[in-house]
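A quick write-up on the structure given underneath.
Here, each number is a calculation from the coordinates, and none is a lab measurement. Small disclaimer: the values here were computed from a predicted structure and weren't measured. Cβ atoms come from the backbone with ideal geometry, glycine included; neighbour counts cover every protein chain shown.
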Amino acid sequence: MSLWFDQCVTEQDQGTVQALTVHPAFAVGLRLTAGVLWLSNVGWKVPPDFGRSAERCSGLCRFVEEGADRGVLAPWAWLMDNVVSPQLAVFGYLTLLTEFTLVVLLLSGLLTRAAALLGAAQSAAIGLSVANAEGEWYWSYLLMIALHIAVFAMAAGRFYGVDALLRQRPDLPRLVRWAT
């Protein structure tokens, strides 16, 4: 047995099945890491202009422009240039709301599996926008996606999170039960 994983052996009709279960501290650590990661990145998305001014483009504006100029996929670059950039304030507020929601859900352990999927999708969107930008390391976005998949697979909110309390209710709706 290790600090991170415990090996469980269960008897079944057809023999012995071995399963690997995660140590709660490991699941909580990954969940909190993901939450802090998003928290550390909401600070530079500053409303109301999100970095766009008459003189320059910084912050979120710069990353949108990078996505338009050097997007990973041509259709994504077109979307960034023709839809997101002209409506930067709208998409800026949506981005800020999404990432702040991820912070709250992941740090509290509430609806953690749903938050993990949202985090993986947001990480993919960011990666498609800036992975080709100068000074960016595309592996960081792949690692962010992997982190969120791990949080999802471990249902990390069930360990020392609000999800653990929610799942004690027998009348919990199926969709909420899945999201926890």
Per residue, the convex hull enclosing the alpha carbons of the chain has a volume in Å³ of 160 Å³
Just how large is the dipole of the chain about the Cα centre, in debye to the nearest 20, putting +1 at every Lys and Arg Cβ and -1 at every Asp and Glu Cβ? 460 debye
Taking only Cα atoms, what is the 0 to 90° angle, nearest 10, from helix 59-70's long axis to the longest principal axis of the chain? 80 degrees
